[in-house]
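For reference, the structure is listed below as structure tokens.
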Amino acid sequence: MMGLYVPGYSPVHRLGAAPKLLALMLAGIGAFFLESLPALAAANLLAVALYAVAGLPLAETTRQLRPVAILLAFIFLFHLLLTEWQSGLSVVLRISALVLLATLVTLTTRLSDMTDTLTAALTPLRRVGVSPARVGLVLTVAVRLVPLLLGELGRVREAQKTRGLERSVVALMVPFLIGALRLSRDMGDAIESRGFDPD
């Protein structure tokens with residue numbers, strides 16, 4: 001769900017990155033104070049309503065949330081077996097509300113806007129030796145690397161499958177690590193060639 005901005009002109013899209021990130025932070029704090037199942041269910045319904053307001057395509061949203069739904073099903077099953085279903089449902093509803101809101105922010109906010117907002121928010125920490133520009137660069141690179149590394153892993157997996165080596169961990173991990181190192185080297189060269197200066 002990282003860096004997959006979906007262009008649009010909805011009120012959610014037009015809202016700045018700073019208010020959205022602040023609202024997400026407050027929602028993350030507030031979710032731990034919600035105890036009743038109806039309140040948690042209402043939080044999920046509110047998040048779904050915001051998706052409708054944002055006018056996000058259903059296919060893209062579903063694709064982004066499918067892995068999380070599988071994880072939540074395992075969490076609920078774990079609680080069902082070891083605790084009680086009310087506890088499991090409470091945990092699942094709390095996590096799903098936060099994931100829905102975080103995904104909404106990601107899909108309606110450009111990565112550059114989020115990075116600029118976080119860099120500006122970290123400016124006061126310059127006094128204690130924190131470089132906001134470096135933090136912003138690390139965030140941008142990390143977000144960019146996730147889909148690139150997943151793509152690299154998919155290519156290596158397909159190549160090893162054609163060679164009949166899909167069960168070999170070594171045959172999968174060695175080319176993947178080499179590709180990841182090559183990718184990080186190329187990205188470092190690109191940053192250096194553009195004369196990045198955090199100061």
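The values are calculated or read from the model by the stated rules, or taken from the named source; none is laboratory data. Since this is a predicted model, take the numbers as computed values, not measurements. As a convention, Cβ positions derive from the backbone with ideal geometry for all residues, glycine included, and neighbour counts pool all protein chains shown. Areas reflect the complete protein model, heavy atoms only, side chains present, ligands, DNA and RNA absent. Shrake-Rupley method; radii C 1.70, N 1.55, O 1.52, S 1.80 Å.
Details
- Carbon/sulfur fraction of accessible area - the chain, other protein chains in place, 1.4 Å, %: 70
- Each of (1) 184; (2) 110; (3) 134 is a candidate for volume of the Cα convex hull per residue in Å³; the one calculated from this structure is (1).
- With protein chains left intact and a 1.4 Å probe, residues in the chain average 64 Å² of accessible area per residue.
- Its DSSP H runs of at least 4 residues, each contributing -39,500 (n - 2.57), put the calculated 222 nm mean residue ellipticity of the chain at -26500 deg cm²/dmol, to the nearest 500.
- Top positive-direction residue, dipole computed over the chain with Cβ charges, set L177, F32, A121: L177
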